[in-house]
Amino acid sequence: AQTVTQSQPEMSVQEAETVTLSCTYDTSESDYYLFWYKQPPSRQMILVIRQEAYKQQNATENRFSVNFQKAAKSFSLKISDSQLGDAAMYFCAYRSGNNAGNMLTFGGGTRLMVKP
Amino acid sequence: GAVVSQHPSRVICKSGTSVKIECRSLDFQATTMFWYRQFPKQSLMLMATSNEGSKATYEQGVEKDKFLINHASLTLSTLTVTSAHPEDSSFYICSARGPLREKLFFGSGTQLSVL
């Protein structure tokens, strides 16, 4: 079974600064997808960024980028120019690439606080 | 874009009653939907996978007789918490596999409080 680990229960960043959230995972599969989701106080799950395992290039979405290290099974999220609206819970998630199912396996989450 | 509607957003019920939560894909057909449960300050835990026209697949430790899942159409899956007890109080979230099968879309969640 796949597992996803987020070792930072809480992180804090100053507004306009950069912060990196850590995520490691364990899998024996070669085809899979990795995601970062944001869950604000509204509790709506919002997809931040996704990475296909077969792609070597790190995914980027505006101020959000990932550092995908496949050999190390590491998938960290970097938030640049942090904004107050970035404050939320962030979940790293794994999904198998086969068609047996599309369920997500989530990490334990990291609460990000942004200081003005 | 694909939208998943989940209702109700909040429900309070007495212990022993049953509660039904609906998850609808509004502009696409979802052959597969997923139900997650999230306890306070914890992560999302998959409860079951709901497939249209067939029985749901439950994760280990989830009581299928307590959490009834029905996926009778391509746009609707329901989760019924039967004989709810205070320990069932939690945030329940559904998600649906999108038309391109690669993306998952989440409902807005249901906060269940059992008194």
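Bear in mind that the values in this text are calculations on the coordinates, not laboratory data. Remember, predicted model here, so these are calculated numbers, not experimental data. When we count neighbours, we look across all protein chains shown, and the Cβ atoms used for this are built from the backbone with ideal geometry, even at glycine.
Would you mind checking segment B:17-55 for residues with the amide N under 14 Å from a putative spin-label position 7 Å along Cα→C-beta of residue B:85?
Of the residues in segment B:17-55, B:17 have backbone N under 14 Å from the label point off residue B:85.
May I ask you to compute the full-extension gain from residue B:115 to residue B:59, defined as 0.36 nm times their residue separation minus their alpha-carbon distance, rounded to one decimal in nm?
Separation in residues times 0.36 nm, less the Cα-Cα distance, equals 17.6 nm.
Be a star and scan segment A:21-40 for residues whose amide nitrogen sits under 18 Å from the point 7 Å along the Cα-to-Cβ vector of residue A:113.
A:21-22, A:39-40
How about segment A:3-78: which GluC sites (Glu not before Pro) there are in a DSSP loop, with at most 15 other Cβ atoms within 10 Å of their Cβ?
A:15, A:17, A:29
Taking DSSP loops as anything outside H, G, I, E and B, show the longest stretch in chain A free of trypsin sites (Lys or Arg not before Pro) there with at most 14 other beta carbons within 10 Å.
Value returned for the longest uninterrupted segment is A:1-54.
With a 10 Å cut-off between alpha carbons and a GNM built on chain B, which of B:103, B:20, B:66 moves the most?
With Cα springs under 10 Å in chain B, the top fluctuation among B:103, B:20, B:66 is at B:103.
Students often get this wrong: which residues of segment B:1-42 have the backbone nitrogen under 11 Å from the point 7 angstrom along Cα-to-C-beta of residue B:70?
B:20-21
What per residue convex hull volume, in Å³, comes out for segment A:19-116 when only alpha-carbon positions are used?
96 Å³
What nm distance separates the two modelled labels at residue A:55 and residue A:2, each placed 7 Å from Cα along Cα→Cβ?
Using points 7 Å along Cα→Cβ, the separation is 1.6 nm.
So which chymotrypsin sites (Phe, Trp or Tyr not before Pro) in segment A:19-92 end up in coil per DSSP with only 14 or fewer other C-beta atoms within 10 Å?
Those that pass, being in a loop and sparsely packed, are A:54.
So if I restrict to the alpha-carbon atoms in the protein assembly as shown, what is the Rg, and what is Dmax, the biggest pairwise distance, in Å?
Both quantities, over Cα of the protein assembly as shown: 17.8, 53 Å.
Based on alpha-carbon centroids, what's the gap between segment B:37-83 and segment A:81-116 in Å, whole number please?
22 Å
List the equivalent ellipsoid semi-axes of chain B in whole Å, largest first, each obtained as the square root of 5λ for an eigenvalue λ of the Cα gyration tensor.
Working through the eigenvalues yields semi-axes of 23, 14, 13 Å.
Below 8 Å, C-alpha to C-alpha, sequence gap of six or more: please give me the relative contact order for segment B:1-79 in percent.
Reported relative contact order: 28 percent.
Quick one: compute the contact order of chain A, relative version, from alpha carbon pairs under 8 angstrom and 6+ residues apart, as a percent.
Normalised by residue count, the contact order of chain A is 37 percent.
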